[in-house]
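These notes concern the structure reproduced below.
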Amino acid sequence: MTVALAASAPGKVILSGEYAVLDGAPAICMAVDRLARVALSPLAGDTFKVTAPGFSDKEACFRLSANGIRDGIQWNDADDAFSVIDSVFRAADVQKIAAQAIDLNTVEFVDAVSGAKMGIGSSAALTVALCSALLNSADAAAIQGIALRAHADLQGGVGSGTDIACSVVGGLIEYRMEGSSVTRLVWPENLSYRLIWTGAAVSTTDKLAKLDAGISKPSRVRLAGASEAIAATWASGDAQAIIGGYADYSEVLHEFSVDHDLGIFDAGHSELWHAARELDLIYKPCGAGGGDVGVVFGIDDPALEEFVGKLTSDQALLDARLVETGVRIESLVTG
């Protein structure tokens, strides 16, 4: 009899607090219904086999030493697509586990047209799903700490943990790095949105490294203050207050980007920002910016549809929506 265990975790979109969350300010983040999925099924012998649709066309193999993860994973012809295995096994301190076929599926995070990976948290979602599958648990308290350590290891120590927290709990959250604090929020009535894929992928790690290497300007402090202010409007649940708050927030984010040469509004974001203003809408890049995904907010759905109709051939409406469910064990199949 074969038993296969599957776990899934959602991707995310950062709505505010990008960069500023590293300075103690809150980030607002929404989980989206693009899922990373991990399936485990036992194998005979001592060799693990790993596939990673969405990351790699390869199949890789590894073994654990008699002393478990402390002596490292012994890979046979693996590439960076499989490094999440090393990071999660180390963070979980896996010592004894029977050989498994491990499928790491992130195809829902890949643009079907270009094949580019969209910046909606695939590595964090995959890390969370793999932790859940290994622990055979969807309990946030059991998973979040391990997933945070694993993802920090995977990214070389950079990042805030916002994406991990959102993938674990799902829904709309306020996140602070201090204590990895998560507060669940309710999406405001009458606040509509559309997510936009710019058609250009960007490396968050590279952007954070550039920020860390540069000289901090006063706009960095102002961005932290603006992030506190916009988080307060999200907590109020007032859609008009949120939209009004983003007018100021986006201006500060743009100033911060220029001051620190981060190009947050590159790759078409600046044009979309100005186009939204003409329709009395609010647009902003999400996360690292300079590509990947943006969000446009409004009260008037026809205006949002008019905005979407003005997208260039390189841009597209991203078919992803807020999802309240975080990590979960999807199935236990016998056969």
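Couple of notes before you dig in:
- The Rg/Rh ratio for segment 192-317, using Cα coordinates for both the radius of gyration and the Kirkwood hydrodynamic radius, is 0.97.
- Alpha-carbon centroid distance for the pair segment 1-54 / segment 94-160, whole angstrom: 4 Å
- Across the chain, the relative contact order, built from alpha-carbon pairs under 8 Å that are at least six residues apart, equals 26 percent.
- Compared with the alpha-carbon gap, the fully stretched path from Glu306 to Ile329 is longer by 4.3 nm at 0.36 nm per residue.
- Only helices enter this figure: runs of n ≥ 4 DSSP H residues, each worth -39500 (n - 2.57), summed and divided by the residues of the chain, yield -11000 deg cm²/dmol at 222 nm to the nearest 500.
- Helix 204-213 vs. the chain, principal-axis angle (Cα, 0 to 90°, nearest 10): 70 degrees
- DSSP beta bridges in the chain [antiparallel fraction, %, rounded to 5]: 95 percent
- Across segment 50-194, the convex hull enclosing all Cα atoms gives 130 Å³ per residue.
- Cα centroid of segment 267-298 to Cα centroid of segment 207-264, whole Å: 14 Å
- Global size of the chain: 20.3, 65 Å for Rg and Dmax (C-alpha atoms, Rg to one decimal, Dmax whole).
- In a DSSP loop and with at most 14 other Cβ atoms within 10 Å, the GluC sites (Glu not before Pro) in segment 122-189 are Glu189.
Every number in this text was worked out from the coordinates using simple rules, so none of it is lab data. Note that this is a predicted model, so its numbers are computed, not measured. Every residue, glycine among them, receives a Cβ derived from its backbone with ideal geometry; neighbour counts consider all protein chains shown.
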